[in-house]
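**Student:** I am attaching a structure below and will ask some questions about it afterwards.
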Amino acid sequence: SAVISQKPSRDICQRGTSLTIQCQVDSQVTMMFWYRQQPGQSLTLIATANQGSEATYESGFVIDKFPISRPNLTFSTLTVSNMSPEDSSIYLCSVETGRNEKLFFGSGTQLSVL
Amino acid sequence: GDSVTQMEGPVTLSEEAFLTINCTYTATGYPSLFWYVQYPGEGLQLLLKATKADDKGSNKGFEATYRKETTSFHLEKGSVQVSDSAVYFCALSRTTGNQFYFGTGTSLTVIP
């Protein structure tokens with residue numbers, strides 16, 4: 001199993017600013033994932049972050065808007081840049097403990113952009 | 001492409017009622033199937049899973065059977081409790097790659 005600490009748990013931000021979300025795992029994991037959960041919608045994968053390489057972004061998400069760091073096997077950050085109200089969402093960090101085993105999720109960051 | 005479709009909510013049931021949340025999927029190959037639950041104020045956590053056809057996943061009184069012929073993975077519980085109030089997500093994962101696909105979630109409220 002894996003315990004994931006994610007912070008901040010929520011934030012209210014002004015348009016045009018940036019927010020960095022941190023994700024700490026209690027064990028070493030190869031792959032970390034960042035998801036977005038918009039109100040009333042499903043989880044959407046933003047990117048996959050591997051330690052030592054650039055993150056792999058899904059269609060519709062770009063590095064300039066969502067830069068990701070993965071400095072070691074237990075930590076990652078996601079930055080939401082130049083925010084607009086459309087970025088208001090819950091952002092979730094997750095890890096997979098084994099191939100197609102299961103995902104563990106952090107408790108999420110509730111972001112509201114004014 | 002791969003996708004998951006699940007029953008829209010919200011669903012409101014009385015305590016001890018029978019619960020079914022429908023989930024169907026579209027996928028190439030033989031995906032693994034999951035149900036995740038998100039309790040109020042918490043992150044998603046795995047409820048149960050099944051990795052091949054006819055497998056039954058079960059946990060906390062919940063069950064779901066992997067039906068390849070109907071491409072379904074419906075979640076059932078015989079007698080719900082107030083503590084089961086949460087949002088339930090159906091998901092699939094391909095056997096190759098690491099992409100998980102989630103349904104839109106079904107909110108369940110159980111009233112005493």
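Every number here is computed from the coordinates shown, using simple stated rules; none is lab data. In this text, all values refer to a predicted model and were calculated from it rather than measured experimentally. Glycine gets a Cβ as well: all are built from the backbone with ideal geometry, and neighbour counts include every protein chain shown.
**Student:** What is the dipole size for segment A:21-88, taken about its Cα centre, with +1 at each Lys and Arg Cβ and -1 at each Asp and Glu Cβ, in debye to the nearest 20?
**Tutor:** So the dipole magnitude of segment A:21-88 works out to roughly 80 debye.
**Student:** Let me ask another. Which of B:83, B:65, A:105 sits closest to the plus end of the dipole of the protein assembly as shown, meaning its Cα is farthest towards the positive end, when Lys and Arg get +1 and Asp and Glu get -1 on the C-beta?
**Tutor:** Of the candidates, A:105 comes out farthest on the positive side.
**Student:** Taking the Cα of residue B:30, stepping 7 Å toward and past its beta carbon, and measuring to each backbone N in segment B:41-61: which are under 20 Å?
**Tutor:** B:49-58
**Student:** Please report, in debye to the nearest 20, how large the charge dipole of the protein assembly as shown is about its Cα centre when each Lys and Arg carries +1 at its beta carbon and each Asp and Glu carries -1 there.
**Tutor:** 300 debye
**Student:** Project the alpha carbons of chain A onto their principal axes and report the range along each, largest first, in whole Å.
**Tutor:** Result, largest extent first: 38, 26, 23 Å.
**Student:** So if I place +1 on the C-beta of Lys and Arg and -1 on the C-beta of Asp and Glu, and nothing else carries charge, what would the dipole magnitude of chain A be about its Cα centre? I want it in debye, nearest 20.
**Tutor:** Here the size comes out at about 140 debye.
**Student:** For segment A:3-10, just list the computed ³J(HN,Hα) in residue order, Karplus coefficients 6.51, -1.76 and 1.60, θ = phi - 60°, integers in Hz, with x standing in for Gly and Pro.
**Tutor:** These are the phi-based 3J(HN,Hα) values: 10, 10, 9, 10, 8, x, 6, 7 Hz.
**Student:** Tell me the chymotrypsin sites (Phe, Trp or Tyr not before Pro) within segment A:20-98 that lie in a loop according to DSSP and have at most 13 other beta-carbon atoms within 10 Å.
**Tutor:** Here no chymotrypsin sites (Phe, Trp or Tyr not before Pro) fit, given the DSSP loop and packing criteria.
**Student:** Considering only A:63, A:82, A:53, whose Cα is most displaced toward the positive end of the charge dipole of chain A, charges sitting on Cβ of Lys, Arg (+1) and Asp, Glu (-1)?
**Tutor:** Selected residue: A:82.
**Student:** Which trypsin sites (Lys or Arg not before Pro) in segment B:54-96 sit in a loop by DSSP (not H, G, I, E or B) and have at most 15 other Cβ atoms within 10 Å of their own Cβ?
**Tutor:** B:60, B:68
**Student:** Further, regarding this structure: Enumerate the calculated ³J(HN,Hα) couplings along segment B:8-25 in order (Karplus 6.51 cos²θ - 1.76 cosθ + 1.60, θ = phi - 60°), each rounded to whole Hz, writing x wherever the residue is Gly or Pro.
**Tutor:** Listing the rounded values in order: 6, x, x, 10, 10, 10, 7, 3, 6, 6, 8, 10, 9, 10, 7, 9, 10, 9 Hz.
**Student:** When only C-alpha pairs under 8 Å and at least 6 residues apart count, what is the relative contact order of segment B:1-73, in percent?
**Tutor:** The value is 25 percent.
**Student:** Semi-axes of the protein assembly as shown's equivalent ellipsoid from the Cα gyration tensor, sqrt of 5 times each eigenvalue, largest first, rounded to whole Å?
**Tutor:** 30, 21, 15
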